[in-house]
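Notes for the one structure printed next.
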Amino acid sequence: MFGRAARGISEAEYDSILKAGFVTNLLGKQPDVGAFPQGFAEEQATFERPIVEQVTKRPFRDAAFSSTIKVAYSNTCAFTGLKIINGGGRSEVQAAHIRPVADSGPDSVRNGIALCSTVHWMFDRGLLSLDDDYTILTASGKVPDMIQRLVNADGKLLAPDRPEFRPHPQFLRYHRQFVFKG
């Protein structure tokens, strides 16, 4: 109680604070410790979620970047050659930044690659990268064999036909130096 910044509380007060911290379950009751509702009641068929308004601050991402990258790579993953079109006719390929937006990477076609979602995730986390000659690099011992078998057989990026759409060596060097874990 040094400086009287805190006060002691009773067991009952502690229990009420603890219970107040738990949200009610879908039946509208406070859960018993260790107890979970079994099955669903009729009134649980729909659930109206509360609407939360929040203000976020993050770097602006130009939507044109994504569409330009997809067109430049013909809606095809540059690492695997997969071209997946969903039931709505939209491409499932994603536009990945080589130099990340968080590291002041521009929304330039030369700083982008079309990748399927798993490869995009691995590229962003530095498990995959590219050499200046577009050879695909993998972080030693960190990429599962199954993923390595998906990579293009020649081990090279499927680069756009037009040179002005291909990844710029400056961004590739940045990725290898600051993102890649290989």
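Here the stretch 63-178 is assigned +1 on the Cβ of each Lys and Arg and -1 on the Cβ of each Asp and Glu. Its dipole about the Cα centre then comes out at about 120 debye. Qualifying trypsin sites (Lys or Arg not before Pro) in the stretch 86-182, where qualification requires a DSSP coil assignment and no more than 15 other C-beta atoms within 10 Å, comprise 90, 125, 142, 181. Below 15 angstrom from the Cβ of residue 121, what's the summed charge of the other residues (Lys, Arg +1; Asp, Glu -1)? Neighbour charge sum, excluding residue 121 itself: +1. Beyond a 22 Å Cα-Cα separation, which of these cross-linked pairs lie in this structure: 83/156; 70/142; 83/181? In this structure, 70/142; 83/181 exceed 22 Å between Cα atoms. Remark: 116, 77 ranked as 116, 77, counting other beta-carbon atoms within 10 Å and listing the fewest first.
Rounded to the nearest 20, the size of the Cβ-charge dipole of the stretch 92-151 about its Cα centre is 140 debye, with Lys and Arg at +1 and Asp and Glu at -1.
Laboratory data are not the source of any read-out in this text; all were calculated from the coordinates shown. Everything numeric here is computed off the predicted structure, so don't read it as measured data. All Cβ positions, glycine included, derive from the backbone under ideal geometry; neighbour counts span all protein chains shown.
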